[in-house]
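The values are calculated or read from the model by the stated rules, or taken from the named source; none is laboratory data. All values reported here derive from a predicted model rather than from experimental measurement. Using ideal geometry, Cβ is built from the backbone for each residue, glycine included, and neighbour counts are taken over all protein chains shown.
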Amino acid sequence: MGKSKTIIPKNSTDRLLFTLMAVGIPFAVLWLGCVVMPHYHGDINSTVILHIVAALFILYNIFHNMLLVIRTDASGRTSYLPSVLKPGWRYCAICQVNYPPRSYHCHICDECILKRDHHCKFTGCCIGYHNHRYFLIGILYVFIGALYGICYQWDYVYSTINLPAVYFFMTLLAPHFALLFGAISFWGVLVATLHTLGLVVLLLVLYLLLIQVKAICLGQTQYEMKHNIHDYNLSLYKNFVDVLGRRWKIAWLSPFISSPLKGDGINFLKANEYEPPKDI
């Protein structure tokens, strides 16, 4: 499987969002560890170590999954694509190749992607058949990390702002107004702003995760979901194995756990087709 030459996106918008992710996630971990954690614990104990291990595990899975999203070749460059146009296939005049059903050309990546789901602006590349597993598990860990952080720092944020519940939530929405009225300090503005940004990230990632899970449950890509195409909906189990691979039960523990995909990204069994039994 071919690898991309660089992890830095070519598109300027993608580079900006990639930078925000690459800087924002480690900053969030440092904020929790260096600012919030001392609020709860005066010294290092088993609870602190448990939090550190959990944070490192989540951070490890986020960045290594996203790295493999970028480095894994999602195109058909390394696959055998016939010179004769097969039934149901299409010809890409830009790539000058015949590409199979469920594959589309991305004008940002400037190549055809096998079973193209969508173009991810935070990684600067397309999500397709060969890197979908890493994307799905990567955003799962982003959601877990955001939820973990929001819950962990809630008491710290509430005690720092130190206002009645109604005014507390109003401050989260507009901390600058609370500062103008002298209700909070500049530090309180920073704490409230970061907490609100965390809530926004949590909701956005939850939405993205739900969209992904819904499409996979129905055996669809984002394009197929938008166009109401249900040709490849085999079963809930087979749909998830098609994305996560044969070792799907443990694939979520680490992106480096081998979990071979059942297909090749070119040929797909349709819902109304018969799958012959495997040899024993």
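Residues of segment 88-118 that are closer than 16 Å to ILE229 by Cα and charged (D, E, K, R): ARG102, LYS115, ARG116, ASP117. Answer with yes or no whether ILE144 is over 19 Å from ILE70 (Cα atoms) and either touching a Gly at 6+ places or on another chain (Cβ under 7 Å) or among the polar types (S, T, N, Q) (or both). When the stated conditions are applied, ILE144 does not pass them.
The residues of segment 220-240 that are β-branched (Val, Ile, Thr) and at pLDDT 95 or above amount to a single one, THR221.
The residue pairs whose first member lies in segment 42-56 and is touching a residue at least 40 places away in the same chain (Cβ under 8 Å), whose second member is loosely packed, with under 10 Cβ neighbours inside 10 Å, and whose beta carbons are closer than 6 Å, counting only pairs six or more residues apart or on different chains, do not exist in this structure.
Evaluating THR72 against the criteria (1) touching a residue at least 40 places away in the same chain (Cβ under 8 Å); (2) under 30 Å from LEU190 (Cα atoms); (3) in contact with a His (Cβ under 7 Å, 6 or more places away or on another chain) leaves one unmet condition, (2). Residues in segment 184-207 that are surrounded by fewer than 16 Cβ atoms within 10 Å (Cβ to Cβ) and in contact (Cβ under 8 Å) with a residue 12 or more places away in the chain: TRP187, THR193, LEU199, LEU206.
Tell me whether segment 189-211 contains one or more residues that are at pLDDT 95 or above, under 23 Å from GLY265 (Cα atoms) and among the β-branched types (Val, Ile, Thr). Yes: segment 189-211 contains one or more residues that are at pLDDT 95 or above, under 23 Å from GLY265 (Cα atoms) and among the β-branched types (Val, Ile, Thr).
Of the residues ALA215, ALA178, ALA165, the single one that is in contact (Cβ under 8 Å) with a residue 24 or more places away in the chain and of a type outside the set (Ser, Thr, Tyr) is ALA215.
Residues of segment 232-261 that are touching a residue at least 24 places away in the same chain (Cβ under 8 Å), closer than 25 Å to SER103 by Cα, part of a loop (DSSP other than H, G, I, E, B) and out of contact with any Cys (no Cβ under 9 Å at 6 or more places or on another chain): TYR232, LEU234, GLY245, PRO255, SER259, LEU261. Of all residues in segment 242-268, exactly one satisfies the criterion of being among the aliphatic types (A, V, I, L, M), surrounded by 13 or more Cβ atoms within 10 Å (Cβ to Cβ) and over 20 Å from SER75 (Cα atoms), namely ALA251. Looking across segment 147-162 at every residue that is of a type in the set (Ser, Thr, Tyr) and within 12 Å of TRP31 (Cβ to Cβ), the one that is surrounded by the fewest Cβ atoms within 10 Å (Cβ to Cβ) is identified as TYR152. Restricting ILE229, ILE216 to those that are closer than 28 Å to ASN272 by Cα and assigned to a helix (DSSP H, G or I) reduces the list to ILE216. The set of residues in segment 108-128 that are aliphatic (A, V, I, L, M) and either in a loop (DSSP other than H, G, I, E, B) or loosely packed, with under 15 Cβ neighbours inside 10 Å (or both) comprises ILE108, LEU114.
Looking only at segment 83-101, decide whether some residue is surrounded by 14 or more Cβ atoms within 10 Å (Cβ to Cβ), within 30 Å of PRO260 (Cβ to Cβ), at pLDDT 95 or above and not charged (D, E, K, R). No, segment 83-101 contains no residue that is surrounded by 14 or more Cβ atoms within 10 Å (Cβ to Cβ), within 30 Å of PRO260 (Cβ to Cβ), at pLDDT 95 or above and not charged (D, E, K, R). Checking the stated criteria, PHE168 turns out not to satisfy the condition of being at pLDDT below 95, in a helix (DSSP H, G or I) and surrounded by fewer than 15 Cβ atoms within 10 Å (Cβ to Cβ).
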